[in-house]
Every structure is written in structure tokens, then in C-alpha cells.
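Following: one structure in C-alpha cells, then a few remarks.
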Amino acid sequence: MLPLQSERKAYHHKRPHRKSRAGCRNCKTRKVKCDEARPACRACSMRRESCIYAAPSASSASSAPSPVVSLAFRGHAVPSSSPDSGPGPGHGPSYHYAPSSPPLTLSASHSPEPLSDGQVVNYERPDAIKLSIVREPLFVPSGRSEADMKLLYLYTTTTYKSFSTYKSLSPDRPMGYQIDYALRVKTVEHAFSSPFLMDCILGLSAMHMDHLGHRDVNVPATRAHAYRARAFQGYRKAIDDADPATFPALLVCSLLLCPLASQMFRGEDARKLYVIDWIIVWRGISLIMSMIELPLLETSGIGPLFCRPLVNMKDGALHIPSKLLNMIASIKEGEIDYPDVEVYHESLRYLGSIYHELLTKGFNPLLNLRIITFFTFLPPRFIQLAQNRRPYALVIIAHHLVFTKIIKSVWWVENVGDKGIQDISDFLGPAWDFYLRVPKAAIHINGIRGIAKLLLDDHTWQPPSPTVEPGRSDLCVPPTNTIVGEDGRTYVLTP
């Protein structure tokens with residue numbers, strides 16, 4: 001006999017959870033459950049894949065006009081992408097600047113006409129929607145700690161600016177924004193696939209946090225040292241492996257290792273004449289550059305990081321201090337340094353270009369860039385002479401270290417000059433005090449004007465206006481050894 005209707009058991013769904021077809025495309029392809037988190041679901045975040053959601057259906061889209069949406073932060077340039085733009089340096093994001101807009105505001109105005117390029121939404125309108133910030137759990141990749149992620153956050157918000165010297169030359173120049181994009185976005189992308197670059201970034205952030213005196217993240221000295229050790233060890237191993245997939249990360253790491261290695265100038269266990277080892281680290285940039293083809297440099301998105309100021313060798317030759325010229329002229333035929341006289345003269349011309357910049361343009365970001373990149377221009381033979389601790393090479397290095405005391409806006413250059421000059425003076429002894437008078441006097445001077453007057457040997461010198469004229473052709477050149485010879489022609493030399 002059939003049971004009565006009232007006696008039938010209640011029907012239970014086999015799937016008590018809510019079904020949804022709004023997951024991302026990757027989860028649909030793999031036929032797995034998507035948590036539909038925005039901007040990236042957890043599955044895509046763990047797999048380091050681009051999380052792409054399908055566009056709304058035509059029926060829902062036709063029910064109401066599509067709102068024009070634009071995002072801007074207070075006082076910051078933010079990117080707005082287009083379907084035709086790519087992630088590379090040549091197709092980087094375009095930036096709109098909203099100087100007085102409130103933070104995180106979306107305009108939901110229904111406008112039948114799209115915004116034109118460069119147009120910024122008026123965020124003071126009454127129909128603007130205010131968004132609330134939702135605190136979500138911190139995403140921590142496998143093998144990394146919460147402290148690592150906080151250090152990475154410090155890098156992407158503050159530390160990266162320590163290497164964006166070019167942008168301060170002219171904030172409105174597109175190259176400045178490309179450098180920021182390469183440092184904040186592309187460098188971090190390469191770091192997630194190359195642990196040695198990630199360790200380099202975290203080591204720099206730990207150094208920067210210690211310099212700032214922040215105690216928000218407790219980074220023991222042993223951990224900071226481990227970051228540096230792993231970065232150098234992984235860097236050397238990647239060079240030996242020579243895997244083309246790691247070449248972009250290798251090139252960025254060769255640049256960031258220079259400030260990372262500067263910590264040894266401030267450590268209690270710093271070696272004597274450590275400046276020679278530091279110069280070799282700088283020389284590594286050119287060595288890695290020789291391994292990479294130019295198309296790869298462009299497609300990797302890091303090309304804008306490797307630009308240097310144009311060097312006019314004729315102007316440099318005219319501004320070499322007479323005492324240094326007399327020092328090289330005193331080398332007689334038959335002496336051990338006589339075959340390298342031209343190497344010393346070439347190095348002095350590069351040094352003279354910094355004197356010329358200081359004398360004619362005063363304190364400006366381009367002067368800082370010339371000082372920082374000086375070691376990358378030196379001839380390979382000069383590096384060998386410095387490694388052999390030849391006195392003439394050490395005297396030239398000591399005079400350059402005086403210029404580093406002018407740079408006050410780059411925290412990782414701190415104490416490099418004083419420590420390097422003192423080491424060279426101790427090594428050469430009193431016999432070379434005549435040629436080291438200026439460097440030794442600079443140890444006791446901290447003001448940049450006093451340093452400049454000492455370098456130029458002019459106590460009445462006053463700095464010109466620190467502005468950079470628009471249209472200067474020597475602001476930046478591609479990552480090649482480009483110089484202007486004494487004949488006025490431009491030459492491109494291989495690294």
C-alpha cells in the first residue's frame with residue numbers, strides 16, 4: 001500500500017551549497033570550485049595565474065547603462081589600462097593624476113559617452129559612491145612568512161623610490177613612470193619566480209627599515225644577514241646555470257645588489273678596502289648585460305631601469321683637477337704603471353664629467369645619477385688595477401668617494417664615502433697625503449656646500465639653480481656605454 005502524502009519524507013537536496021556560474025575562467029576550465037574572490041580567487045593566487053572573470057551577460061548588461069568607472073587615490077598617479085595596452089615597458093599603464101580627489105572613490109555616473117584620454121572624473125559630485133575598505137586575511141605564499149610579506153609591502157610603497165633617481169629629474173616625463181612601474185610591478189613579478197631576487201628585495205627592505213628606525217616588523221640581524229647571503233648565493237648559482245628564463249631577474253638583481261652590498265660599509269665587521277669589492281659588484285651589471293639580448297630586455301619590462309646619463313668626454317677632460325693630472329704625468333717610462341697611463345686618463349675624464357656637472361649645474365638629480373653610475377663607466381683594466389691596489393687607482397677612487405657625501409636623498413649611500421676614504425688613506429700611508437688632501441679633509445665636512453667648495457677649490461662658489469632645463473639631451477641614454485668623444489661625436493661602446 002502506498003504511504004499517505006503526509007507521511008512522505010522531506011526531500012533533501014544533494015547539493016546544499018549555492019551553485020554559481022560566476023567563477024573565473026581558470027577554475028571553469030579545470031572544473032573546480034571557485035571562491036569568486038576579487039581581484040583574484042584563491043586558486044589562481046596559489047597557482048600564480050592571471051585570474052580572469054567572464055564579462056556580464058548581455059541580458060544583465062542591457063537592463064541598465066554601463067557606468068563609467070575610474071579609480072584615483074589622493075595625490076597619486078594611478079594606472080588606467082585599455083584592452084590594447086600590454087604590460088611591457090613600451091605598453092605600460094597610462095597615468096591620470098587626481099590632486100584633490102578623496103581616497104578610493106568610484107564614480108557611477110551613467111554617461112553615454114566614454115571618457116577621453118587624460119580626463120579625470122569629478123569626485124566631488126553628490127552621486128559619487130564611497131567605498132569601504134574590507135580587511136582580508138594576508139596572502140602568504142608557500143615558503144614565506146608574514147614578516148616577509150610586510151617587508152615586500154615596504155618595498156612596493158617606499159623602498160623602491162631609493163632607486164628611482166631618474167624620475168625626480170622631471171616628474172612629468174613618461175620615463176619616470178616607466179621606471180616606477182618596472183620597480184614596483186615588473187621587478188616583483190620576476191621575484192616571485194626567482195627566489196634570489198626576492199631575497200634581495202627583502203634584504204633591501206630590512207636594511208631600509210633599520211635605517212628608518214621602524215620597529216613595526218621585528219627583523220633580527222640574523223634574518224637580514226640570511227637575506228643577503230641567500231641573495232648573493234642564488235645570484236651566483238643563477239649565473240652558473242645561465243637559464244634564459246632567469247635573465248631578467250638576474251639583471252635586476254645585479255642592480256639591486258649594489259645597494260644591498262653597501263651594508264658592509266656600515267657593519268662592524270667591514271673589511272678594509274671594501275670599496276674595491278663594491279666596485280666589482282657594480283661591474284657585474286655590465287657583465288650580466290652582455291649575456292642578455294636587447295629584445296629580451298625590452299619585453300621583460302625592466303629596460304627603463306638601465307639608463308645612464310650621457311658623458312661628454314671633452315668637457316670631462318677640461319675639468320679634471322690639476323693635481324690629479326700632475327699625479328698621472330709624474331709616472332715615468334719604465335715604472336710598473338706606465339703602460340696604464342691612458343687607462344688612468346680615461347678614468348679621470350669620467351671623473352671630470354662629474355666636476356663639470358657640479359660646477360655648471362649645481363646640486364641636481366642628474367648630478368646624483370652621475371655619481372652613482374660612475375663605477376659602471378670605468379674601463380675593465382682600471383678595475384683590475386684597483387683590485388691590485390695600485391696607488392694611482394686608489395687615489396682616483398678616493399676623489400670620487402668625496403662626491404658620494406653630496407648625495408643626501410639616497411639612504412644606502414650613507415657612510416660609503418667616509419669609510420672608503422679612511423681605508424684608502426690608511427692603506428697608502430703618509431707618503432700619499434699630498435694627493436689625498438681633499439678626500440681626507442672631506443671626512444670632517446658634512447654640509448653639501450662645504451663639500452662642493454672643497455672639491456672645486458673655490459670657497460666663494462655658490463650653486464646655480466637646481467633645476468633641470470627641458471630639452472637637455474644628456475638626461476638619459478639606453479643601457480649602453482654611450483659617450484661623447486673629444487671630437488664632439490657620440491660613440492656607443494660595448495660593455
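The values are calculated or read from the model by the stated rules, or taken from the named source; none is laboratory data. The model shown is predicted, which means the values in this text are computed figures rather than measured ones. No Cβ is skipped: glycine too gets one built from the backbone with ideal geometry, and neighbour counts run over all protein chains shown.
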Checked pairs for region 351-375, first assigned to a loop (DSSP other than H, G, I, E, B), second among the charged types (D, E, K, R), C-beta under 6 Å and 6 or more apart or across chains, list as THR373/ARG308
Could you please find all residues in region 319-343 being part of a helix (DSSP H, G or I) and either touching a Lys or Arg at 6+ places or on another chain (Cβ under 9 Å) or at pLDDT below 95 (or both)? LYS323, TYR338, ASP340, VAL343
Somewhere in region 254-277, is a residue part of a loop (DSSP other than H, G, I, E, B) and in contact with a Pro (Cβ under 9 Å, 6 or more places away or on another chain)? no
Does PHE375 meet the test of being among the hydrophobic types (A, V, I, L, M, F, W, C), at pLDDT 90 or above, buried (at least 18 other Cβ atoms within 10 Å of the Cβ) and over 24 Å from LEU394 (Cβ atoms)? no
Quick one: in region 188-209, of everything that is farther than 14 Å from MET149 by Cα and among the aliphatic types (A, V, I, L, M), which residue is surrounded by the most Cβ atoms within 10 Å (Cβ to Cβ)? LEU197
